[in-house]
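Below is one structure, written out as structure tokens; the observations come after it.
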Amino acid sequence: MTNRWIDELSVTALEAIYEDIVFEANLDEHLAILFGVLQNFLEKAWLGGVSGNAQMEKSAVLGAIEVIGFLRSHLNPVSDHAANGVLRRFYNGAHRQIITAHRDGNFAELRVVRALIKKLVELPYSKGFFQNCRRETAIDRKELVQFLFSAHVRDALPCLDHPIKLFQ
């Protein structure tokens, strides 16, 4: 019933729900939203690639790279915690894999990256993953909210997963 209701929402209604979620969210939830948006960009890139819609694919790849770049640029630069290095390698690896998949037209690789991210943000790994992200990410709430409301990030809204899934 809930899924059917979500499927029937207009883009305008979904944007209003998204705004409410963002304004009420804490840092863990903001990070979950960012990773949800990243997954949606990857799905949109895959759909654009397999359907032959080069513009959709390129726009979604740029969106995914923008989210990864934002996350990577806000990693604590002076941390000596092992999670910092792991997150930095993860962001760099995902960035390279997305660019390579786009360049080579290997759209299945976009789904591989998406599946990896999905695994990290769902139980049983999500608690530790978000704990490490929170500890190693130095980000101002105002800057984060502005990024989440940027036009390019909003481009992922029509294909956002069910909002409740973002916080599991």
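The values are calculated or read from the model by the stated rules, or taken from the named source; none is laboratory data. Since the structure is predicted, the reported quantities are computational estimates derived from the model, not experimental observations. In this analysis, Cβ positions are derived from the backbone assuming ideal geometry, glycine residues included, and neighbour counts consider all displayed protein chains. Ligands, DNA and RNA are excluded from the accessible area calculation, which covers all protein heavy atoms including side chains. Shrake-Rupley method; radii C 1.70, N 1.55, O 1.52, S 1.80 Å.
Remarks
- In plain terms, the chain from Val22 to Arg135 could stretch by 38.7 nm, reckoned as 0.36 nm per residue minus the Cα-Cα distance.
- The relative contact order of the chain, computed from alpha carbon pairs under 8 Å that lie at least 6 residues apart in sequence, is 35 percent.
- Accessible-area value, Leu123, 1.4 Å probe, nucleic acids and ligands omitted, Å²: 130
- Under Karplus coefficients 6.51, -1.76 and 1.60, residue-wise ³J(HN,Hα) of the range 35-51 in Hz, glycine/proline x: 5, x, 4, 4, 4, 5, 4, 5, 5, 5, 5, 4, 4, x, x, 6, 8
- Integer Hz, Karplus 6.51/-1.76/1.60 couplings in order for the range 134-143, x for Gly and Pro: 4, 5, 9, 9, 9, 9, 7, 4, 4, 5
- The residues of the range 47-134 expose, per residue, 55 Å² of accessible area to a 1.4 Å probe.
- Extreme residue, positive dipole direction of the chain, given options Val37, Val22, Val50 (C-beta unit charges): Val50
- For the chain, the average shadow cast by the Cα convex hull is 9.7 nm², which is a quarter of the hull's surface.
- Solvent-accessible area, 1.4 Å probe, carbon plus sulfur percent, for the chain: 55
- Summing Lys and Arg as +1 and Asp and Glu as -1 over all other residues whose Cβ lies under 14 Å from the Cβ of Gln131 gives a net charge of 0.
- For the range 96-103, putting each phi into the Karplus relation 6.51 cos²θ - 1.76 cosθ + 1.60 with θ = phi - 60° gives couplings of 4, 5, 5, 4, 5, 4, 5, 4 Hz, in residue order, rounded to whole numbers and with x for Gly and Pro.
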